[in-house]
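Structure record follows, encoded as structure tokens.
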Amino acid sequence: MISQIAGLGVCFCFFLVLPSSTGTSLNAKGKTFTLHQTAVPRARPWFAAKSVKDTHLKYQLRVPIEIENALSQEIPPNQTSVSARPGTRTDQMYVVNVQVGGQNMTLDLDTGSSDLWVVSSLLPSTQKATRPASRLYDPNGKTARRLDGHSFMISYGDQSYAKGQVYLDRVAVGDLVVPNQAVEVATSMATKFVVETGHDGLFGFAASAKNSVSPKSQLTWFDNIRPTLAQPVFTCSLKRHAVGSFDFGYIDKAKYRGDIVWSNVRGHRGYWDFNPTGFAIGDGEVHQATFEAIADTGSSLWYLPRTIADAYWKQVPGSSYSTAQGAFVFPCQSKLPEMTVIVSGQPVRVPGINMNYQTVSAGTCMGGINRDFGMPFSIFGDAFLKGLFVVHEVPLKGQSRIGFAAQARSD
């Protein structure tokens, strides 16, 4: 998700991230913590064109006419194919258990936005009836206090929105506690967010400068906790249909192999951005191509420049761009090639299995690589991130960096 709360409601299969019983450690230099994920099944089928449209809207971009055309003839994916291949869960967001005040909230950990946004008891009764009271943040708790004169408003090109008040409250991830974190408390929100109950809000990890509170933007939870950490980092190890983790304050060498490929983050847009300079498909040669990209745990697909996306799918016999899906489709039995991008002169390899995103009908699957449709940057979402160990480093003084390495083998 990018910029604000973008993409809530796009994903219907979640990973609930729970604290490790052994993940917390305190040392003389600072704190560390680990969160693990467990799968929560999605409630309904997923339509690719809807996700592509929502990705454009969260960037405040014009929706391509071909995507609008696909939506006008929307045919949801075949349910039978899902039951035939129950192991293929698709379109995941990564959510964590976060204690806000005295309540446990399930939040989407999103490296593409900068707000901590929650559903609340202040919503009208018609907007909070879909959740139990225990999953509605109550700002009347004894640790909360109103941040007078401040409010938030998040809106989208599809006219969905969330708005409300801002409070300061105790926000804890395991043993890592920010006592006065800005919590954006919804007092009104669009129906879109009312009906999607797999999460209770957003936990943004992009730059604080992109925070949407006015008149004065607020620091993210990570920027507040960063001075207390053993190292000013958080890492993610997202996995395909399996348990993964987010680590705070340390780089776990047991979770990756080889060297970490580092790239400086310019951050002029407020995202975790970097500049690939080439790509290779399977065992093929490296082709030069320089473009701006961002890493985003809140986006499901891997959006690449059209020439690169098309070049990849040309290597898959029987694949084609589906105007009905707004994505590439291919025969499910196809062997998909590895995709490599060049970052800081070094290869970052993504296994071909990640490009098999979901089954859409008997024998036909949808691809995880899609065209970036003229976006101002390419979005390296979960189809890219799964299988990689990704380090986000923000020194108290100095240059921010993002690093990529292959995850350690589980066998």
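FYI, it's all coordinate maths here, none of it is from the lab. Quick caveat: nothing in here was measured; it's all calculated off a predicted structure. Here Cβ is always computed from backbone atoms with ideal geometry, including for glycine, and neighbour counts include all displayed protein chains.
By count of other Cβ within 10 Å, fewest leading, how are LEU168, LEU301 ordered?
The most exposed by this proxy come first: LEU168, LEU301.
Using the Karplus curve 6.51 cos²θ - 1.76 cosθ + 1.60 with θ = phi - 60°, what ³J(HN,Hα) values do you get for each residue of segment 358-369, in whole Hz, with x for Gly and Pro?
Coupling constants for segment 358-369: 6, 7, 10, 6, 4, x, 10, 10, 9, x, x, 8 Hz.
Based on other C-beta atoms within 10 Å, arrange ILE353, ILE281 from fewest to most.
ILE353, ILE281
Hey, with R₀ at 41 Å, roughly what FRET efficiency would LYS216 and THR307 work out to, going by the Cβ-Cβ distance, to 0.05?
0.45
Among CYS365, CYS332, rank each residue by its count of other Cβ atoms within 10 Å, from fewest to most, as a rough exposure measure.
The fewest-first ordering by Cβ neighbours comes to CYS332, CYS365.
Please give the length that would be gained between GLU196 and ASN140 if that part of the chain were fully extended, namely 0.36 nm times their separation in residues minus their C-alpha to C-alpha distance (nm, one decimal).
That works out to 17.7 nm of additional length.
What FRET efficiency do you get for SER410 and THR277 if R0 is 51 Å and r is their Cβ-Cβ distance, rounded to the nearest 0.05?
Given R0 = 51 Å and the Cβ-Cβ separation, E is 0.95.
Could you give the semi-axes, largest first, of the ellipsoid that matches segment 253-407, computed as the square roots of 5 times the alpha carbon gyration tensor eigenvalues and rounded to whole Å?
27, 16, 14
Can you list the residues, at least 5 places off or on another chain, whose amide H is less than 5 Å from the amide H of PHE205, using H built in the peptide plane?
ASP110, THR111, GLY112, SER113
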